[in-house]
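Asks: Structure below; questions to follow.
The values are calculated or read from the model by the stated rules, or taken from the named source; none is laboratory data. On a predicted model such as this, the values are computed, not experimentally measured, just so you know. Methodologically, a virtual Cβ is constructed for each residue, glycine included, from the backbone with ideal geometry; neighbour enumeration extends over all protein chains shown. Areas reflect the complete protein model, heavy atoms only, side chains present, ligands, DNA and RNA absent. Shrake-Rupley method; radii C 1.70, N 1.55, O 1.52, S 1.80 Å.
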Amino acid sequence: MKKLFLFLVLFLSPICFGQTNVFLITIENGIPKVEKESIGKDETKVYICGGESGIISVVFPTSPGLSGDFVKLADKKILIVRNVNDELVFSLKKDDGTLKEIIKVPTNTLAQNDYKINLVSKNLRKAFKISAYETISEDNDSPVMNMFGDKITPQENEFIITTEIKAAASGFLEGGTSNLQFTGNYFLTDVKIGDKICCFVLDLAATNSIIVKNKIPAGIKTELLTAQQYSADGTQVVDAPSSGFGGNIQNLKTCTLPEVILGSVSLKEKYFVVIDSLFKIKDMEIDGILGIDVLQKFEAVSFKIDTVKQVDLLLGSNYSKNTGSAINMPFTITNGHIFVKGKIGNSDVNFIMDTGSPFSFIQTKLAEKENITGEKSVEVKGADGKKISTLHGEISSLYLNDNIIHNFKTKIVDSPLLNNLGMKEYAGLLGNSFLKEYKEISINFKENKIFLAK
């Protein structure tokens with residue numbers, strides 16, 4: 001009995017005494033990695049970053065979203081981390097010896113999120129995952145992001161750190177069935193909001209669902225879309241633009257609707273980004289965009305493509321399992337986008353899967369590298385309303401996983417969306433001009449696989 005009692009005390013002691021973790025981004029012999037250190041209740045840890053310390057920086061567990069930092073190893077700084085009052089407090093030691101608080105986070109919220117650390121330097125692109133603020137793994141599957149795009153070019157011993165934080169997975173909704181119509185190279189579905197039936201675009205590349213402001217029921221309040229900006233100068237609230245294909249959309253608002261009905265599925269307390277207006281499709285007003293923030297709540301999303309009649313949009317575990325002869329593509333989700341791996345010529349390419357785009361695209365830099373030429377084509381625009389000139393090109397062979405796509409038609413463009421993610425040279429987008437060549441599409445969020453059936 002004594003041994004059993006002793007075992008229980010030792011097993012529970014990290015919880016009882018409020019122990020948590022600090023994660024360090026380190027480098028040794030030119031090889032970066034992420035390391036974990038425990039920090040007990042009321043404990044203080046001091047980290048000398050830069051110089052010969054081998055520490056590039058610490059991981060700052062801010063709120064969900066993207067954060068970025070530019071670090072020079074030549075610039076030494078001292079970071080203090082304290083585990084006090086059930087909070088993890090990060091501070092910078094100033095030249096006069098005083099501490100400047102950067103962030104503080106309740107320790108009981110740290111495990112609610114997953115963290116992806118993207119590291120970019122000269123001739124180096126590396127990513128790591130921290131699951132539930134506990135387990136470290138190297139991420140060799142998803143693209144490495146750089147939130148500064150091409151605005152900063154790091155040299156030797158200089159690093160751009162982009163940290164993506166998102167809520168840890170917590171299961172799927174039960175699911176159901178809705179309707180879907182493929183019209184004008186867009187997938188459209190009916191969404192009931194209050195007493196109105198609204199026409200929404202089904203858009204896997206939209207990180208947040210969007211609603212036109214005149215479709216918001218009376219009495220629903222809207223708020224400015226803002227973000228917290230952390231720095232050595234303190235924390236401030238700033239405008240949070242939303243990324244669109246043509247660039248950022250400024251001065252947006254948000255709202256939370258008590259109920260949104262998608263076919264047989266009722267979604268409660270649904271968050272939307274509010275926009276003044278969207279585009280028309282064949283003289284049909286578009287009232288909103290249903291994004292991945294909704295769709296990935298289901299185990300899977302599956303639908304057939306029919307240009308004549310409405311079809312069923314299957315949500316959840318009742319998705320189509322007729323995948324024996326289908327193209328099978330593993331995917332990852334980075335910054336709210338589904339990415340699949342491809343290859344064009346000698347270039348490895350990360351493609352965003354986009355059911356909200358009538359066309360497929362590759363970046364101009366990629367086309368130049370692979371000697372892909374194009375003819376002047378149409379101007380395109382996204383939800384941001386900004387027009388971008390394109391060239392029309394054709395790729396003789398595109399590889400997606402182990403599948404070869406011949407005579408792949410694409411637009412060639414310099415996309416601000418991809419540029420802002422640091423993907424100027426090795427990215428593209430698979431839109432509906434490609435997807436409509438298939439009879440059925442299934443996106444399995446449980447297994448992280450896409451099936452395209454002929």
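Asks: Among the candidates Leu400, Leu429, Leu421, Leu366, single out the residue that is touching a residue at least 40 places away in the same chain (Cβ under 8 Å), open to solvent by less than 20 Å² (accessible area, probe 1.4 Å) and farther than 29 Å from Lys454 by Cβ.
Replies: Exactly one of Leu400, Leu429, Leu421, Leu366 is touching a residue at least 40 places away in the same chain (Cβ under 8 Å), open to solvent by less than 20 Å² (accessible area, probe 1.4 Å) and farther than 29 Å from Lys454 by Cβ, namely Leu421.
Asks: Let me ask something else. Which residue is surrounded by the most Cβ atoms within 10 Å (Cβ to Cβ), if the candidates are limited to the stretch 108-162 and must be among the small types (Gly, Ala, Ser) and more than 15 Å from the chain's Cα centre (by Cα)?
Replies: Step by step, filter the stretch 108-162, then rank; the result is Ser121.
Asks: Being within 30 Å of Glu425 (Cα to Cα) and acidic (Asp, Glu) narrows it down to one of Asp42, Asp69, Asp95, so name that one.
Replies: When all the criteria are applied, what remains is Asp69.
Asks: For Phe351, are the conditions met, namely being modelled with pLDDT of 95 or more and touching a Lys or Arg at 6+ places or on another chain (Cβ under 9 Å)?
Replies: Values: modelled with pLDDT of 95 or more: yes; touching a Lys or Arg at 6+ places or on another chain (Cβ under 9 Å): yes.
Spelling it out, Phe351 is indeed modelled with pLDDT of 95 or more and touching a Lys or Arg at 6+ places or on another chain (Cβ under 9 Å).
Asks: Does Asp354 satisfy the criteria of being open to solvent by 10 Å² or more (accessible area, probe 1.4 Å), closer than 22 Å to Leu421 by Cβ and not aromatic (Phe, Trp, Tyr)?
Replies: Here the answer is yes, as Asp354 does meet what is asked.
Asks: Also, quick follow-up: Within the stretch 105-139, can you find the residues that are without any contact (Cβ under 8 Å) to a residue 24 or more places away in the chain, more than 24 Å from Val71 (Cα to Cα) and touching an Asp or Glu at 6+ places or on another chain (Cβ under 9 Å)?
Replies: Pro106, Asn108 - these are the residues of the stretch 105-139 that are without any contact (Cβ under 8 Å) to a residue 24 or more places away in the chain, more than 24 Å from Val71 (Cα to Cα) and touching an Asp or Glu at 6+ places or on another chain (Cβ under 9 Å).
Asks: Could I ask something else about it? Just to be sure before I move on: is Gln296 open to solvent by 70 Å² or more (accessible area, probe 1.4 Å), of a type outside the set (A, V, I, L, M) and within 30 Å of Asn407 (Cα to Cα) in the structure I sent? Please lay out each step first, then the result.
Replies: Details: open to solvent by 70 Å² or more (accessible area, probe 1.4 Å): yes; of a type outside the set (A, V, I, L, M): yes; within 30 Å of Asn407 (Cα to Cα): no.
So Gln296 fails the test.
Asks: Give the stretch 45-104 a look and list any residue that's in a loop (DSSP other than H, G, I, E, B), touching a residue at least 60 places away in the same chain (Cβ under 8 Å) and open to solvent by less than 10 Å² (accessible area, probe 1.4 Å), or say none.
Replies: Val59, Pro61
Asks: Follow-up. Give the residue, chosen from Lys41, Lys33, that is in a strand (DSSP E or B), surrounded by 14 or more Cβ atoms within 10 Å (Cβ to Cβ) and in contact with an Asp or Glu (Cβ under 9 Å, 6 or more places away or on another chain).
Replies: Lys33
Asks: Taking the stretch 280-332 as the region of interest, how many residues are within 19 Å of Thr177 (Cα to Cα), β-branched (Val, Ile, Thr) and in contact with a Gly (Cβ under 7 Å, 6 or more places away or on another chain)?
Replies: Residues in the stretch 280-332 being within 19 Å of Thr177 (Cα to Cα), β-branched (Val, Ile, Thr) and in contact with a Gly (Cβ under 7 Å, 6 or more places away or on another chain): 2 in total.
Asks: Something else now. Could you please find all residues in the stretch 187-220 being over 17 Å from the mean Cα position of the chain (by Cα) and either outside any strand (DSSP E or B) or closer than 17 Å to Leu252 by Cβ (or both)?
Replies: The answer is Gly194, Asp195, Ile211, Val212, Lys213, Asn214, Lys215, Ile216, Pro217, Ala218, Gly219, Ile220.
Asks: A further question on this structure: For the subset of the stretch 163-196 comprising residues that are touching a strand residue (DSSP E or B) at 6+ places or on another chain (Cβ under 9 Å) and among the acidic types (Asp, Glu), which member is most open to solvent (accessible area, probe 1.4 Å)?
Replies: Applying the filter and picking the extreme gives Glu174.
Asks: Another question, if that's okay. So, in the stretch 300-312, exactly how many residues are open to solvent by 40 Å² or more (accessible area, probe 1.4 Å) and in a loop (DSSP other than H, G, I, E, B)?
Replies: Here the count works out to 4.
Asks: Check the stretch 313-326 and report whether any residue there is modelled with pLDDT of 90 or more, open to solvent by 10 Å² or more (accessible area, probe 1.4 Å) and under 25 Å from Ser209 (Cβ atoms). Write out each step before concluding.
Replies: In the first step, residues of the stretch 313-326 are kept if they are modelled with pLDDT of 90 or more; the result is 313-316.
Those still in the list that are open to solvent by 10 Å² or more (accessible area, probe 1.4 Å) too: 314.
From the residues that got through so far, the ones that are under 25 Å from Ser209 (Cβ atoms) too are 314.
Yes, the stretch 313-326 contains a residue that is modelled with pLDDT of 90 or more, open to solvent by 10 Å² or more (accessible area, probe 1.4 Å) and under 25 Å from Ser209 (Cβ atoms).
Asks: Is it true that some residue in the stretch 142-150 is in contact with a strand residue (DSSP E or B) (Cβ under 7 Å, 6 or more places away or on another chain) and among the charged types (D, E, K, R)?
Replies: Of the stretch 142-150, the ones in contact with a strand residue (DSSP E or B) (Cβ under 7 Å, 6 or more places away or on another chain) are 142-148.
Then drop every residue that is not among the charged types (D, E, K, R), which leaves none.
No, there is no match, as no residue in the stretch 142-150 is in contact with a strand residue (DSSP E or B) (Cβ under 7 Å, 6 or more places away or on another chain) and among the charged types (D, E, K, R).
Asks: Filter the stretch 252-293 down to the residues that are in contact with a strand residue (DSSP E or B) (Cβ under 7 Å, 6 or more places away or on another chain) and of a type in the set (Phe, Trp, Tyr), then identify the one that is most open to solvent (accessible area, probe 1.4 Å).
Replies: Here the residue is Tyr271.
Asks: So is Ile412 among the β-branched types (Val, Ile, Thr), crowded, with 19+ Cβ neighbours inside 10 Å, assigned to a strand (DSSP E or B) and in contact (Cβ under 8 Å) with a residue 60 or more places away in the chain or not?
Replies: Details: among the β-branched types (Val, Ile, Thr): yes; crowded, with 19+ Cβ neighbours inside 10 Å: yes; assigned to a strand (DSSP E or B): yes; in contact (Cβ under 8 Å) with a residue 60 or more places away in the chain: no.
Against the criterion (among the β-branched types (Val, Ile, Thr), crowded, with 19+ Cβ neighbours inside 10 Å, assigned to a strand (DSSP E or B) and in contact (Cβ under 8 Å) with a residue 60 or more places away in the chain), Ile412 does not qualify.
Asks: Testing Ile372 on (1) within 19 Å of Asn407 (Cβ to Cβ); (2) within 26 Å of the chain's Cα centre (by Cα); (3) of a type in the set (A, V, I, L, M), one condition comes back false. Which one is that?
Replies: Only one criterion is unmet by Ile372, namely (2).
Asks: Being in a loop (DSSP other than H, G, I, E, B), on the phi > 0 side of the Ramachandran plot and not β-branched (Val, Ile, Thr) narrows it down to one of Gly356, Gly422, so name that one.
Replies: Testing whether each residue is in a loop (DSSP other than H, G, I, E, B), on the phi > 0 side of the Ramachandran plot and not β-branched (Val, Ile, Thr) leaves just Gly422.
Asks: OK, next. From the list Asn419, Asn432, exactly one residue is closer than 25 Å to Ile289 by Cβ and touching a Gly at 6+ places or on another chain (Cβ under 6 Å). Which is it?
Replies: Answer to the check: Asn419.
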